[in-house]
Amino acid sequence: MVISSCSLGPSNLYPLPSSSMFKPLKFPPFWPRQKVKMGPLSVSPMGFGTWAWGNQFLWGYQESMDNELQQIFNLAVENGVNLFDTADSYGTGRLNGQSEKLLGKFIREFQEQKGGQGELVIATKFAAYPWRLTPGQFVDACRASLDRMQLEQIGIGQLHWSTANYAPLQERALWDGLVAMYEKGLVRVVGVSNYGPKQLLKIHDYLKARGVPLCSAQVQFSLLSMGRDQLEIKNICDSLGIRLIAYSPLGLGMLTGKYSPSKFPTGPRGLLFRQILPGLEPLLSSLSEIANKRRKSMAQVAINWCVCKGTIPIPGVKSIKQAQENLGALGWRLSSDELLQLDFAAQESPSKMIQNIFQTK
Ligand SMILES: NC(=O)c1ccc[n+]([C@@H]2O[C@H](COP(=O)([O-])OP(=O)(O)OC[C@H]3O[C@@H](n4cnc5c(N)ncnc54)[C@H](OP(=O)(O)O)[C@@H]3O)[C@@H](O)[C@H]2O)c1
């Protein structure tokens with residue numbers, strides 16, 4: 001497949017495959033090709049998150065998983081998922097940057113082996129490390145991500161978090177860095193992550209004055225994380241034409257039903273789950289009830305809830321089985337009664353997800 005033959009523009013927009021070793025799953029006619037607009041981009045109503053790809057500490061990643069991760073990537077693309085979220089900070093210890101490296105490798109090998117047509121949107125995030133103090137350092141960070149992925153342009157360049165809570169003077173360097181990446185054509189569109197309503201409005205206005213449209217805002221959004229801030233952010237996004245990308249839509253796995261107060265994951269996630277899971281009884285039973293009636297899994301219902309709320313969920317996936325299951329979250333919609341039942345059950349559940357420490361007001 002020759003990238004330059006793709007009429008869809010810059011080289012981060014890759015032709016999709018026409019054939020593959022995986023048999024595409026069957027979907028209703030409006031899926032898998034259904035896309036939603038995000039500025040000039042067209043993205044699938046759900047993306048895949050890749051935080052776990054390279055993270056040994058929290059997610060138990062091993063390099064022996066790479067073959068399966070590549071199969072996940074191929075399966076997703078072949079079934080119409082064209083949005084993948086990563087970050088320059090993903091990957092622990094010597095594996096720092098591993099998520100971007102793997103994505104780059106999977107894209108290249110996919111192109112070599114399968115060809116096709118369509119567009120692929122890679123969203124990466126630039127960490128606001130304390131040593132990144134100038135716009136030029138953010139541009140350098142963007143170039144480093146491009147090097148790791150061996151791409152010429154990133155689909156969505158996102159600020160991973162705002163420094164407004166603890167280093168407000170650094171914030172301007174972040175914003176100007178984003179502007180510079182956009183003006184140099186290193187990123188197709190720009191987005192933010194972990195920005196609360198107040199900061200989101202500020203950066204939107206700042207970027208607008210510089211002629212840079214803000215296309216996406218990524219925030220923790222799920223049945224476990226739907227507080228006043230999330231709803232306010234959603235309203236702001238709707239009024240300004242920004243797409244809300246919902247991260248951790250499965251509550252790090254708590255909404256899949258496979259964990260319970262007698263079965264926690266190992267490692268640091270187990271500590272968090274011990275605090276939260278015992279207070280999720282009303283929500284988990286509603287999810288399970290709806291899933292059973294619908295002949296869906298709880299994960300599919302939890303992801304579909306995010307789609308019905310008008311967000312683009314990016315569930316993290318570690319196995320082919322999870323990828324196949326999560327693909328089945330699309331192509332149908334929960335009814336308004338089911339949505340109400342889930343909203344109510346979530347409110348009734350005493351536990352909520354802990355918010356990201358970098359989330360601003
Ligand atoms: N902007 C930010 O600050 C930020 C923060 C967090 C995440 N993110 C992004 O959002 C993405 C998704 O969030 P997340 O990974 O934190 O959490 P998540 O999507 O809520 O949960 C993902 C985890 O749930 C389990 N899982 C997934 N599908 C499943 C299924 N069908 N059945 C059973 N278990 C399943 C897997 O873990 P196990 O198999 O180990 O249980 C998987 O790694 C990340 O990959 C990342 O791209 C962004």
Take the conditions at positive phi and within 14 Å of the ligand (Cβ to nearest atom) and apply them to Gly253. Does it pass?
yes
I need the full set of residues from the range 172-207 which are touching a Lys or Arg at 6+ places or on another chain (Cβ under 9 Å), over 19 Å from Pro40 (Cα atoms) and without any contact (Cβ under 8 Å) to a residue 60 or more places away in the chain, in order please.
Ala173, Leu174, Trp175, Asp176, Gly177, Tyr206
How many residues does the range 229-251 hold that are part of a helix (DSSP H, G or I) and open to solvent by less than 30 Å² (accessible area, probe 1.4 Å)?
6
Looking at the range 185-213 only, could you name the residues that are open to solvent by 10 Å² or more (accessible area, probe 1.4 Å), in contact with a Leu (Cβ under 7 Å, 6 or more places away or on another chain) and of a type in the set (A, V, I, L, M, F, W, C)?
Leu186
Taking Leu342 as the residue in question, decide whether it is surrounded by 19 or more Cβ atoms within 10 Å (Cβ to Cβ), outside any loop (DSSP other than H, G, I, E, B) and of a type outside the set (S, T, N, Q).
yes
Checked against (1) exposed (fewer than 14 other Cβ atoms within 10 Å of the Cβ); (2) part of a loop (DSSP other than H, G, I, E, B); (3) more than 22 Å from the chain's Cα centre (by Cα), Ser351 satisfies every condition except (1)
Over the range 309-340, the set of residues more than 19 Å from the chain's Cα centre (by Cα) and among the aliphatic types (A, V, I, L, M) is Leu334, Leu339, Leu340
Could you figure out which of (1) among the aromatic types (Phe, Trp, Tyr); (2) within 16 Å of the ligand (Cβ to nearest atom); (3) free of Cβ contacts under 8 Å to residues at least 12 places away in the same chain isn't true of Trp131?
(2)
Please go through the range 39-58 and give me each residue that is within 20 Å of Leu250 (Cα to Cα) and open to solvent by 30 Å² or more (accessible area, probe 1.4 Å), ordered by number.
Trp51, Gln56, Phe57, Leu58
Picking from Trp51, Trp31, which residue would you name as being touching a helix residue (DSSP H, G or I) at 6+ places or on another chain (Cβ under 8 Å) and modelled with pLDDT of 50 or more?
Trp51
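The values are calculated or read from the model by the stated rules, or taken from the named source; none is laboratory data. The structure presented is a predicted model; accordingly, all values stated were derived computationally and were not measured. Note that each Cβ is placed from the backbone with ideal geometry, even for glycine, and that neighbours are counted across all protein chains shown. Accessible surface is based on the protein model in full, side chains and every heavy atom, while ligands, DNA and RNA are left aside. Shrake-Rupley method; radii C 1.70, N 1.55, O 1.52, S 1.80 Å.
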